[in-house]
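Peer 1: Below is a structure I'd like to ask you about.
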Amino acid sequence: MFDDGGEIAVLDVREEGVYSQDGHLLRVSNVPLSMLELRVPALLPREAVRIIVCDGGEGLAALAAERMISGGYSDVAVLAGGTPAWAAAGFRLYTGVYVPSKAFGEYIQHEDAPPEVTAAELNDWIKAGKDMVVVDSRPLAEFRRNSIPGAYDCPSAELPYRMPAFVRSPETTVIVNCGGRTRSIIGAQVLINAGFPNPVYALKDGTQGWKLAGFQLNHGRTEAVPVPSENGLTWPQQAAQRVARRFGIRCIDAARLQQLRADATRTLYLFDVRNPEEFEQGHVPGAQSAPGGQLVQATDTFIAVRPSVVVLTDNDGIRATMTAAWLVQMGHDEVYVHAATQGAERGALPLHLLAGARPCAASVSVAELKALLAGGRAQVVDFATSLQYREGHIPGAWHVVRSRLAAQLPKIPATPLLVFTAAEEALAQLAATDAAALTATPVKVLAGGNAAWIAAGGTMETGDARMTGEADDLSYRALDRKDNVEKAMLEYLSWEVDLLNAVTSDPDFDFRRFPTPT
């Protein structure tokens, strides 16, 4: 099916930590059963697409397939025997997350060889007062967690857009970093591909390399490279034209976009690659927010169907073109840019649940929950990720993974009322519906979820007390681990480097080279 030219999507429905550690297919999107109803509609916009669901042999795939068929998908099958059968048939399994994107970063490092600087060298440059600027190519939320001292945040798709107006002298050296390797490499190379005149380096191994070298990271910083004014767009626009010519990026108008939308035989992904704040100020109706750097960093979380049609939008074509160039190098055949100066739709997109999903409507307000807790008449159950729970939860809450609800719910102490919450209210609503078939205890949902509790001034408790199972729902970043952090960083960086040899020997490998301009 991979080789017959028809559209296909493969979903692995295990929790991310299990999927990452136990191994998975290369061309697969991880959609945990816990989140299936929330993620599938955007990931699989065409209900007639061919879908294969897999797991590690635990039976989760059959449950997911039933939900998807009930939700309107007409061509759904389960991979018999799951990933163990795939391996037994002689095919490769991969550990880790975002494997195609991570391997692509190593491919670019091997083929284009953007210059690198080590942490020790960068530290020497800082102490010597070298004329330079360090830019972190991750989203601001990740930058806030940890950053190189003195760095500015600028997600990688934004670099050719923002940096020309920010760096006044062509002599200033620019160092691009991320948490590890991929976005450092991609960020440096996107500036080089754009023809940026300054010396550009990728920080070898990113913030993890900095930490391993014994240097301190900053936390809580928010300095960012500003968005350029209209007067600062001349060079970025010229750069986008150069990149479009080299990588064969095609632009389409609104009429052609409408034709693509009307084609019921093809899967269409319409992504707005600007920052979420710009997206909410106005975007093409129906577009999903997919900031360009993250779209390249985690392509499998946005695009499940191959081959498919991908249309990237922004307001002037600059960031969309830079992002499109990466996607075509990653092997996506039909990628277009649609620059729309006016966005008729505003705000974040409303969440569309899988058809047939039955979210629980019974809820309590924050004030009602506080009164219930004060009287000992309720118990809070949090369905956020284990990391989100560890970083902050309602005091006294218990942590449960929705896909393991039947096994974990009995561990919750007896109570007159269960109140479910999560980072996404819809997840708690779905879990509450599931729980109704498992317990006689009444279940309600905290209206607005954890965000509403915080907004109302509620305190949050940290730590991992009252977790009802292992914290393997998530693939933890090395710097987020509680112990063996240095070992985890070394293992992760080694895994990234080794990916290239693995994927280039895989029959599903399809990265592409384009001639370097002379």
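The values are calculated or read from the model by the stated rules, or taken from the named source; none is laboratory data. Small disclaimer: the values here were computed from a predicted structure and weren't measured. Please note: Cβ atoms are built from the backbone with ideal geometry, for glycine as well, and neighbour counts cover all protein chains shown. These area figures cover heavy atoms from the full protein model, side chains too; ligands, DNA and RNA do not enter into them. Shrake-Rupley method; radii C 1.70, N 1.55, O 1.52, S 1.80 Å.
Peer 1: Where the centroid of each part is defined by its Cα atoms, how far is the stretch 139-196 from the stretch 42-68 in Å?
Peer 2: Rounded to whole Å, the Cα centres lie 38 Å apart.
Peer 1: In what sequence, highest mean first, do 414-420, 25-31 appear when ranked by Cβ atoms within 10 angstrom?
Peer 2: Result, highest mean Cβ count within 10 Å first: 25-31, 414-420.
Peer 1: Kindly flag which residue pairs out of 411/444; 370/411; 102/482; 102/411 have an alpha-carbon separation exceeding 28 Å in this structure.
Peer 2: Pairs exceeding 28 Å: 102/411.
Peer 1: Would you mind calculating the gained length between residue 358 and residue 377 on full extension (0.36 nm times residue separation, minus the Cα-Cα distance), in nm to one decimal?
Peer 2: Stretched fully, the residue 358-residue 377 segment lengthens by 4.2 nm.
Peer 1: Which whole number in µm²/s is D for the stretch 292-394 by Stokes-Einstein, with the Kirkwood Rh taken over Cα pairs at 20 °C and 1.002 mPa s?
Peer 2: 117
Peer 1: Using all C-alpha to C-alpha distances in the stretch 321-366, build P(r) with 10 Å bins and read off the rounded percent in each one.
Peer 2: 17, 21, 31, 17, 14
Peer 1: Using a 1.4 Å probe, what is the accessible area per residue for the stretch 433-518, in Å²?
Peer 2: For the stretch 433-518, the per-residue accessible area is 58 Å².
Peer 1: Now, a different point. If you count only protein heavy atoms with a 1.4 Å probe, what accessible area per residue comes out for the stretch 209-341, rounded to a whole Å²?
Peer 2: Value returned for the stretch 209-341: 40 Å² of accessible area per residue.
Peer 1: Compute the separation of the alpha-carbon centres of the stretch 332-400 and the stretch 423-456 and state it in Å as a whole number.
Peer 2: Using only Cα atoms to place each centre, the spacing works out to 9 Å.
Peer 1: Report the antiparallel proportion of the DSSP beta bridges in the chain as a percent, rounded to a multiple of 5.
Peer 2: Roughly 10 percent of the DSSP beta bridges within the chain come out antiparallel.
Peer 1: Any idea what diffusion coefficient the stretch 189-335 gets from Stokes-Einstein, in µm²/s, Kirkwood Rh on alpha carbon pairs, 37 °C, 0.692 mPa s?
Peer 2: 191
Peer 1: Of (i) 89, 49, 44; (ii) 72, 54, 50; (iii) 68, 56, 46, which is the value of Cα extents along the principal axes in Å derived from the coordinates here?
Peer 2: This structure yields the entry labelled (ii).
Peer 1: Can you give the FRET efficiency to the nearest 0.05 for residue 229 and residue 333, using r as the Cβ-Cβ distance and R₀ = 41 Å?
Peer 2: Taking R0 as 41 Å, the efficiency between residue 229 and residue 333 is 0.65.
Peer 1: Further, regarding this structure: Counting pairs of alpha carbon atoms under 8 Å apart in space and at least six apart in sequence, what relative contact order in percent does the chain give?
Peer 2: 16
Peer 1: Of the beta bridges DSSP finds with both residues in the stretch 380-518, what % are antiparallel, to the nearest 5?
Peer 2: 10
Peer 1: Starting from the amide H of residue 313, placed 1.01 Å from N in the peptide plane, find each other amide H under 5 Å away whose residue is 5 or more places distant or on another chain.
Peer 2: The answer is 271, 272, 273, 338.
Peer 1: Sticking with this one: Can you pull the Kirkwood radius for the stretch 417-504, inverse mean 1/r over Cα pairs, to one decimal in Å?
Peer 2: Radius from the Kirkwood sum: 16.6 Å.
Peer 1: Right, here's the next one. Within the set of other residues whose C-beta is less than 9 Å from the C-beta of residue 268, count the net charge using Lys and Arg as +1 and Asp and Glu as -1.
Peer 2: Once all neighbours under 9 Å are counted, the net charge is +2.
Peer 1: Under unit Cβ charges (Lys, Arg +1; Asp, Glu -1), what dipole magnitude, rounded to 20 debye, does the stretch 1-96 have relative to its Cα centre?
Peer 2: Here the size comes out at about 120 debye.
Peer 1: Stretched out fully, how many nm does the piece from residue 80 to residue 212 gain, at 0.36 nm a residue minus the Cα gap?
Peer 2: 43.2 nm
Peer 1: On full extension of the chain, what length is gained from residue 513 through residue 415, given 0.36 nm per residue of separation minus the C-alpha to C-alpha distance?
Peer 2: Stretched out fully, the residue 513 to residue 415 stretch lengthens by 29.2 nm.
Peer 1: Pull out a ≥ b ≥ c, the square roots of the eigenvalues of the alpha-carbon gyration tensor of the stretch 109-172, then state rounded if a/c is under 1.5, prolate if not and a/b is larger than b/c, and oblate in the remaining case.
Peer 2: rounded
Peer 1: Let me ask something else. Treat the stretch 59-206 as a sphere of radius equal to its Kirkwood radius over Cα pairs and apply Stokes-Einstein at 37 °C in a medium of 0.692 mPa s; give the translational diffusion coefficient in µm²/s, rounded to a whole number.
Peer 2: For these conditions, the coefficient is 183 µm²/s.
Peer 1: May I ask you to evaluate 6.51 cos²θ - 1.76 cosθ + 1.60, the Karplus curve with θ = phi - 60°, for each residue of the stretch 299-310 and list the ³J(HN,Hα) values in order in whole Hz, giving x for glycine and proline?
Peer 2: 4, 5, 7, 10, 10, 9, 9, 10, x, 8, 9, 10
Peer 1: If you don't mind, another one. Hey, what number do you get for the chain at 222 nm if only DSSP H runs of n ≥ 4 count, each worth -39500 (n - 2.57), divided across all residues, to the nearest 500?
Peer 2: -11000 deg cm²/dmol
Peer 1: Counting only complete DSSP H runs, which helices of the chain cover 24 Å or more along their long axis at the Cα atoms and score a mean Kyte-Doolittle of -0.5 or above?
Peer 2: The answer, listed by residue number, is 485-504.
Peer 1: Taking all protein chains as present, what is the carbon and sulfur share of the accessible area of the chain, in % to the nearest whole number, probe 1.4 Å?
Peer 2: C and S atoms contribute 52 percent here.
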